[in-house]
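This report concerns only the one structure given below.
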Ligand SMILES: [Zn+2]
């Protein structure tokens with residue numbers, strides 16, 4: 001469990017203290033919950049044997065037992081979930097007061113031998129209150145990394161290069177399930193959009209959106225992965241509508257293989273570009289067989305990301321060799337997830353980050369997915385966090401496009417006018 005603990009803002013400076021505080025939180029929290037539950041489950045005569053004072057003030061016995069449990073949960077849960085994380089400090093102060101009251105109570109009754117455990121718990125709670133309150137606080141947000149300054153990597157995109165967005169539909173989710181601290185009442189319409197990247201050396205689609213069989217694809221998922229959705233034209237239909245020449249399309253470059261990114265492959269007869277890791281991830285998936293069904297008749301072009309470091313990412317792959325389409329590994333959401341950086345001739349730059357975060361708030365507000373969703377949806381939560389910090393550091397320098405946030409696509413034209421290469 002410890003390895004999953006969220007990092008506070010100052011974790012990098014106070015790493016040891018951070019882990020020591022986590023150990024103290026778990027120990028104190030567990031001790032209080034166990035003690036409280038044990039006291040509440042004792043029969044009255046047992047309670048009197050173990051705690052003679054409970055015969056004199058039975059109501060106080062019950063109240064303090066409940067407070068033990070609440071204090072124990074309060075010391076751990078807000079830090080762990082990062083929902084109202086300052087509550088941990090409040091709970092720790094409460095435990096200090098509770099324990100000191102108990103000490104006073106015992107001293108008044110002349111039972112001084114009872115106070116050792118209470119003093120120890122009070123001391124642990126005081127350290128937690130101080131540590132999480134002042135030195136190594138846990139916040140809902142990720143640390144604010146140093147923003148990228150200086151020049152962006154050189155790119156010489158050809159003058160004809162353009163990108164277009166092909167929205168294929170939306171599905172409904174609540175912000176509470178998208179970002180830490182999001183409101184349940186805050187309904188979000190998740191975009192499912194493909195991006196057409198036109199380049200004289202050949203075009204690529206980034207992801208495929210919903211396909212003609214999207215309804216069946218959703219039906220094939222376990223119920224917990226389904227949500228109400230609205231379909232628009234498929235990417236394939238949108239290409240046809242402008243008379244797009246399919247010969248130009250080198251393939252679909254997948255940010256990852258989840259159903260909502262690959263469904264549209266069912267009507268696109270072009271190669272799939274993906275990493276070997278992602279191919280293995282898709283093959284091993286037990287809850288999402290959509291890739292398996294839509295990829296059957298496709299050629300799969302595996303690529304390896306073995307080029308130089310790029311914008312803070314350790315390795316990259318420059319697809320056209322001119323810096324216009326650069327892929328980096330972001331193997332946290334799935335074990336083969338990628339981020340696609342695009343540089344356009346007019347100087348605009350984009351980062352198509354797939355499902356690194358589902359909503360732009362993840363980057364602008366530095367908010368991870370909620371704890372439960374991280375556990376369910378992400379393969380490597382630590383890697384996601386590292387990559388999010390990298391993108392957060394870049395957010396002033398390029399347009400960040402989480403696959404599912406319509407706000408990320410602002411300014412990217414729709415494919416309504418005839419693109420280059422149409423007949
Ligand atoms: Zn997705």
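Averaging the sequence gap over all C-alpha pairs within less than 8 Å and six or more residues apart, then dividing by the number of residues, gives the chain a relative contact order of 15 percent.
Based only on the alpha carbon positions, what is the Kirkwood hydrodynamic radius of the chain, in angstrom?
Working: mean 1/r = 0.0414 Å⁻¹.
Answer for the chain: a Kirkwood hydrodynamic radius of 24.2 Å.
Taking packing as the residue-averaged number of other Cβ atoms within 10 angstrom, the listed peptides 240-249, 316-325, 37-46 run from highest to lowest as 316-325, 240-249, 37-46.
Counting only alpha carbon atoms, the long axis of helix 87-108 and the longest principal axis of the chain meet at about 10°. Given axes a ≥ b ≥ c from the Cα gyration tensor, I'd like to know whether segment 2-135 is rounded (a/c under 1.5), prolate (a/b larger than b/c) or oblate. Prolate is the answer for segment 2-135, as a/c is 1.5 or above and a/b outweighs b/c. When a/c is below 1.5 the answer is rounded, else prolate if a/b is larger than b/c, else oblate, so apply that to segment 111-256 with a ≥ b ≥ c taken from the square roots of the Cα gyration tensor eigenvalues. In terms of gyration-tensor shape, oblate.
Tell me, 168, 357 in order of fewest to most beta-carbon neighbours within 10 Å?
Working: 168 26, 357 29.
In increasing order of surrounding Cβ atoms, one gets 168, 357.
Comparing 164, 184, 341 in a Gaussian network model of the chain, where Cα atoms under 10 Å apart are tied by springs, the biggest mean-square fluctuation is seen for 184.
Derived value for segment 162-409: Kirkwood hydrodynamic radius 17.9 Å. Basis is the mean of 1/r over every pair of different alpha-carbon atoms. The overall shape of segment 72-129 is prolate: from the C-alpha gyration tensor, with semi-axes ordered a ≥ b ≥ c, the ratio a/c is 1.5 or greater and a/b exceeds b/c. Whole-percent P(r), segment 344-423, all Cα pairs, 5 Å bins from 0: 3, 14, 23, 21, 15, 9, 7, 5, 3, 1.
Do the sum for the chain: with -39,500 (n - 2.57) for every DSSP H run of n ≥ 4, divided by all residues, what is the mean residue ellipticity at 222 nm, to the nearest 500 deg cm²/dmol? Let's see the in-between values first.
Values: 13 runs with 152 residues, N = 423.
After summing the helix terms and dividing by residue count, I get -11000 deg cm²/dmol.
Between the Cα long axis of helix 58-81 and the first principal axis of the chain there is an angle of about 30°, rounded to the nearest 10. In whole percents, the pair-distance distribution calculated for segment 246-352 from its alpha-carbon pairs, binned every 5 Å from zero, is 2, 12, 22, 24, 19, 13, 7, 1, 0. Between 0 and 90 degrees, the angle of helix 15-41 with respect to the longest Cα principal axis of the chain falls at about 60 degrees.
Build a GNM of the chain with springs between Cα atoms under 10 Å: which of 204, 97, 253 gets the top mean-square fluctuation? Among 204, 97, 253, the largest mean-square fluctuation in the Gaussian network model of the chain belongs to 97. Our summary gives segment 162-409 a relative contact order of 18 percent, counting only alpha carbon pairs under 8 angstrom and 6 or more residues apart.
Each reported figure results from applying straightforward, stated rules to the coordinates on display, with no laboratory input. Quantities reported herein were computed from a predicted structural model and do not represent experimental measurements. So basically every Cβ, Gly included, is an ideal-geometry build from the backbone, and we count neighbours across all protein chains shown.
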